[in-house]
1. So for the chain, taking the charge dipole from beta-carbon charges (+1 Lys/Arg, -1 Asp/Glu), which of PHE148, SER19, LEU117 sits furthest toward the positive end?
2. Tell me which trypsin sites (Lys or Arg not before Pro) from the stretch 1-99 have a DSSP coil assignment and no more than 16 other beta carbons within 10 Å of their own.
3. About the Cα centre of the stretch 46-118, what is the dipole size in debye to 20, counting +1 per Lys and Arg Cβ and -1 per Asp and Glu Cβ, all else neutral?
4. Might you report the magnitude of the Cβ-based charge dipole of the chain about its Cα centre, with Lys and Arg at +1 and Asp and Glu at -1, to the nearest 20 debye?
5. Near GLY143, within a Cβ-to-Cβ distance under 15 Å, what is the net charge of the other residues, with Lys and Arg +1 and Asp and Glu -1?
6. Calculate how many DSSP beta bridges within the chain are antiparallel, expressed in % of all such bridges and rounded to the nearest 5.
7. Given the -39500 (n - 2.57) contribution per DSSP H run of 4+ residues, what per-residue ellipticity at 222 nm results for the chain, rounded to the nearest 500 deg cm²/dmol?
8. In nm², what is the average projected area of the convex hull enclosing the Cα atoms of the stretch 57-132?
Amino acid sequence: MHDLRMLLRLADGRTPHPSAAILDSRTLQSTPTSGARAGYNGAKRKKGSKVHLAVDTLGNLLALHVTPANEQDRDQVGQLAEAIQDVSNQEVTLAYVDQGYTGQNPANAALEHGITLDVVKLPEAKRGFVLLPRRWVVERSFGWAARFRRLARDYERLPETLAGVHYLAFACLRLPHLADAMHIVQDRL
């Protein structure tokens, strides 16, 4: 998956490793299979698992972590930051996050791994839908993953399996883009 991400970035005229990431999470409703490890997310009013995702600015998957839904987003920053730096050759220095990641603890956890958190806030005079800078990329990535029926709910017994299915889905989604990029490169030669 990481080699695919690097090839896609190179084909897009970027460096192989990103310098910025975008973090977010989504809650998947539990099923009887996954119910034993499910937690209750009061904000979403769902019992299930929470998928914490980190993508680069193109929407390519960098890191993924699965927890029960009652786990706070800000408590997962350290683990995500470490995983991001492992796959990006320590080149990520900035992560865009939403207001769920505010506070000194997540900022310090990210800073331990050399990443500065940039909290993207809603404008004060909000009316209706507002497109937040940089944050829409991770929401688009969640939308891509939602195209896979297996990821509509948490059907897996183990959190590692759920994470693996996400990696497989992102590989399936991004492979056609690599084929398109290879055709463009061949046309240039």
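None of the figures in this text is laboratory data; all of them are computed from the coordinates on show. All values reported here derive from a predicted model rather than from experimental measurement. No Cβ is skipped: glycine too gets one built from the backbone with ideal geometry, and neighbour counts run over all protein chains shown.
1. Positive-end residue among those listed: PHE148.
2. Numbers: sites: ARG5, ARG9, ARG14, ARG26, ARG37, LYS44, ARG45, LYS46, LYS47, LYS50, ARG74; in loops: ARG14, LYS44, ARG45.
Here the sparse-neighbourhood loop sites are ARG14, LYS44, ARG45.
3. Values: 4 positive and 10 negative charges, 77 e Å.
My answer is approximately 360 debye.
4. On the way: 24 positive and 20 negative charges, 193 e Å.
Approximately 920 debye in magnitude.
5. Working: positive: ARG26, ARG135, ARG140, ARG147, ARG149, ARG174; negative: ASP24, GLU139.
Neighbour charge sum, excluding GLY143 itself: +4.
6. Working: 19 of 27 bridges.
Antiparallel: roughly 70 percent of the beta bridges in the chain.
7. Values: 5 runs with 71 residues, N = 189.
Helix-only estimate at 222 nm: -12000 deg cm²/dmol.
8. 6.1
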